[in-house]
1. Could you pull the Cα extents of the stretch 456-598 along its three principal axes, largest to smallest, in whole Å?
2. Take the Cα atoms of the stretch 529-582, build their convex hull, and give its volume per residue in Å³.
3. May I ask you to rank Ser597, Ser370, Ser516 by accessible area, largest first, using a 1.4 Å probe over the protein chains only?
4. Of all the C-alpha pairs in the stretch 343-467, what % are more than 26 Å from each other?
5. Please go through the stretch 520-561 and write out the trypsin sites (Lys or Arg not before Pro) that DSSP classes as loop and that have at most 14 other C-beta atoms within 10 Å.
6. What list of ³J(HN,Hα) values in whole Hz, one per residue of the stretch 289-294 in order, does the Karplus curve 6.51 cos²θ - 1.76 cosθ + 1.60 (θ = phi - 60°) give from phi, with Gly and Pro shown as x?
7. When the convex hull of the Cα atoms of the stretch 408-528 is projected onto a plane and the area is averaged over all directions, what value comes out in nm²?
8. Of all trypsin sites (Lys or Arg not before Pro) in the stretch 694-787, which ones are in loop regions per DSSP and have a Cβ with at most 14 other Cβ atoms within 10 Å?
Amino acid sequence: MRRGLAIARCGLARNSPCATPVRCCVPNLRRLTSTLLFSRVELISPPQKPIPLIGQDLDCYSKRWETSGATGADTSQIANDLEIPSCWTRPHNLRSDEDWKDLAEYFTNKLPNPEESTSTGSLLSKDHIVEWMNVIQWWSQQRSEEGIFLSINAFDRLVRDCHYYQSNVISNALDESNCENFGQIVHDLLVNWHEKIKREPDSTQETLDPTNVSRLFSPTGAFQHLREWRHQGIPIQKQTYTRLMQASVQLAESPSDRSNVPMLCENIVALMLENPNKPNQSEGTTTVRPDMEDFIFILKAWAKSGRKDRVRCGMGTIQIIQDYFAKGIVDQPPNIYVYNALLELLSSGTVDDMLSAEQVFQQLERGMISGIHPDKVSYRIIFYGLVNIIDEYPRARRRAIALLKQMETDEEQFQINGSLGNSDSPAQLDSSMYAYLILKLTHAGKYEDAEEVYLRFLKMQVKSPTPRFVASHHIKRSMIALYASTGRPQEAEQLVLEMEHTYGANQLDDRKPRRSHYEAVLESWAISDHQQAEEKTKTWMTHIETLVLEKGRQDLVPRQRFVTLLLELVGSSPKPRPGGAFRADTLFRDFLKMENSVKSEKRLVNHDAYGRLMNIWAKSGEKEGPKRTEGLLLEMQSRAKNGEHQLRPRVAHYTSVVLAWTSSRQPKAIDRAEGIFDYVHGQSRKGNKEIALDATMYGTMINAFARTKNVDKMERIALLMIEDFRSGNKSAKPGTRVLNTMILGVLKSKRPSLKRSQYFVELFGQVNVKGNKRTAALLGEISRMTS
């Protein structure tokens with residue numbers, strides 16, 4: 001049965017006529033990228049053509065051509081007959097993209113299939129193969145799908161032809177080489193592939209479309225090819241296995257890939273330890289020993305997998321390393337780098353897993369695990385892990401602060417005695433760790449603890465005057481959040497201005513104050529009780545506007561979501577504030593002015609902001625609340641008619657207006673609310689789905705008529721609601737709360753009627769709305785009143 005080394009998915013084809021593996025290789029192949037080796041491009045069957053004469057040694061080919069039956073042909077005529085591209089003779093630096101494309105097409109599709117040729121000898125030359133590889137190399141360096149596709153197919157064709165002609169081509173046209181070089185080629189290909197397609201968020205270089213890349217190649221496909229090549233005699237190098245594990249972990253992004261990558265890494269280690277019988281090789285000569293770096297990638301794969309059993313499997317990996325060391329399979333037991341990977345795995349799990357990580361860390365501190373002691377990475381993993389669970393596990397706050405104090409003590413001790421001539425402690429405590437803890441404590445509402453941590457940082461600046469304890473931008477950002485959250489907008493504003501000055505002096509991007517800092521100051525001033533709060537708010541908004549217009553800081557334009565939430569905070573959070581509606585309205589108008597000034601791509605004030613302000617006015621209790629609310633509705637309608645279609649009012653906006661009028665004590669207010677309701681209901685019936693009435697609108701009107709003891713109109717709205725729901729408007733579904741409101745309206749009316757209340761229960765029961773204990777209690781009370 002025919003077997004041999006070929007390319008399947010750009011690997012050697014199993015149907016090759018050769019029975020022995022390739023023993024030689026082309027040195028220039030090392031420059032090829034691995035996208036050629038592992039891609040899933042289908043092989044292209046070349047058309048049958050006369051055997052080509054290529055290269056500068058056409059005379060040599062002419063002699064061979066004569067022996068194959070083409071006597072009397074001169075080299076120029078042969079070249080014309082073979083349709084050799086005219087760009088062949090051009091220097092590489094003068095060739096255009098189309099020239100390289102023609103050559104790739106020529107080598108890939110216009111050469112005859114050697115298995116179908118009638119020639120008894122090889123017609124490939126060294127110049128031929130070198131030029132072939134030049135074409136492959138050029139296309140492999142192009143960061144495009146076309147480049148990958150062309151280079152893959154050209155490489156596939158080259159390997160198939162070289163494999164077929166190996167007895168003559170490799171020995172006659174090229175210098176004799178050995179199979180070991182092929183292992184190096186495979187490694188170079190894999191490295192180049194990994195460097196090309198791995199994602200680097202900070203890189204400005206063009207990257208390939210990950211969807212198409214995954215279609216052309218996957219780490220699983222690479223593993224399958226490596227395994228096939230290894231089983232056919234190519235000694236894959238240790239560094240190749242490790243690089244594939246690294247690539248597998250880095251490129252696993254989809255949930256499925258992340259879930260499977262640990263098993264893939266474990267299979268790679270198993271392949272390393274395989275020792276299949278190979279021709280002309282003694283037993284044991286190709287076994288590759290894994291090292292600690294390989295097991296670190298396995299632990300990282302488990303951490304990234306998101307699997308429920310990742311912690312148990314990670315602990316199992318540590319046990320495997322220990323067993324391998326006892327059996328002599330690996331040269332050393334788990335080291336601190338392995339345990340750091342384990343700590344990272346544990347800290348990525350649940351609170352209990354994080355506490356387990358803390359226990360492992362404490363054992364390392366005491367030297368209880370093979371005499372290993374934690375390094376700065378160990379300290380950071382545990383510290384940040386504890387800080388990250390402050391919200392879920394209250395005790396983590398104290399443990400994180402205790403660990404911080406311990407690191408401070410170690411730092412002071414090393415500053416005093418300069419242990420071993422090194423003034424740095426193992427933990428390498430720095431300002432970023434203080435900053436992160438301050439920020440998380442602030443978000444958790446533990447302001448006193450955050451203040452305490454900041455004071456500790458200031459003391460460390462005095463005790464340890466090293467660059468690690470400079471008041472960095474990290475500290476300033478955290479303190480901006482703390483000051484803004486504790487009602488100290490002056491201090492927050494001062495820190496932002498300091499950051500502006502620092503950034504203006506050195507233009508370092510990581511020193512640049514971000515939009516969140518300006519928003520924090522703006523929010524702090526807007527909700528402050530300071531006498532000049534409104535003036536300061538307006539001043540700070542003007543400052544932001546100036547930076548956007550004069551400094552080009554478009555990234556500082558406030559977000560729509562921030563504008564909406566800020567209006568809520570100023571006007572009615574957590575409940576309506578005295579004068580809050582007026583302050584919110586003023587702020588709203590200021591944002592509108594900023595929007596018109598900065599001309600941002602996205603609007604600062606959208607329909608959500610209008611809706612939030614309308615709701616604030618509706619619930620404010622202010623005498624002019626209804627008119628202000630309706631005025632905002634009319635403003636939205638006007639802007640929508642003038643082309644701003646995104647501001648078309650929704651049903652929620654009309655509901656706010658109805659709520660404002662029904663909450664008002666002004667004469668005829670309820671009639672005005674009913675008029676607006678009827679208008680919206682009519683528009684909805686005409687097919688305007690944007691203002692299709694929902695349960696909130698119906699409930700608002702029913703509640704209003706219940707308060708005014710108008711049972712007939714309450715019943716009318718209920719019937720419209722049920723009819724609307726039965727017509728297909730699912731948002732109008734009645735609920736038990738509405739039913740109870742209607743029964744309560746009957747109870748408070750001038751003539752309470754048990755029969756009418758029961759009618760409402762039956763009516764709502766037709767749409768599967770059942771009463772509850774509150775319903776029964778109300779019916780019982782009406783029954784007692786009417787008995």
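1. Cα spread of the stretch 456-598 along its principal axes, largest to smallest: 51, 33, 24 Å.
2. In the stretch 529-582, the Cα convex hull volume per residue is 85 Å³.
3. Listed by decreasing accessible area, they come as Ser370, Ser516, Ser597.
4. 22 percent
5. Lys551, Arg559
6. Computed from phi, the couplings for the stretch 289-294 are 8, x, 10, 5, 4, 5 Hz.
7. Computing the convex hull of the Cα atoms and averaging its projections yields 8.1 nm².
8. Passing both the DSSP loop test and the Cβ count: Lys709, Lys750, Lys770.
The values are calculated or read from the model by the stated rules, or taken from the named source; none is laboratory data. Just so we're clear, the structure is a prediction, and the values are computed from it rather than from any experiment. Using ideal geometry, Cβ is built from the backbone for each residue, glycine included, and neighbour counts are taken over all protein chains shown. All accessible areas refer to the heavy atoms of the entire protein, side chains included, with ligands and DNA or RNA removed. Shrake-Rupley method; radii C 1.70, N 1.55, O 1.52, S 1.80 Å.
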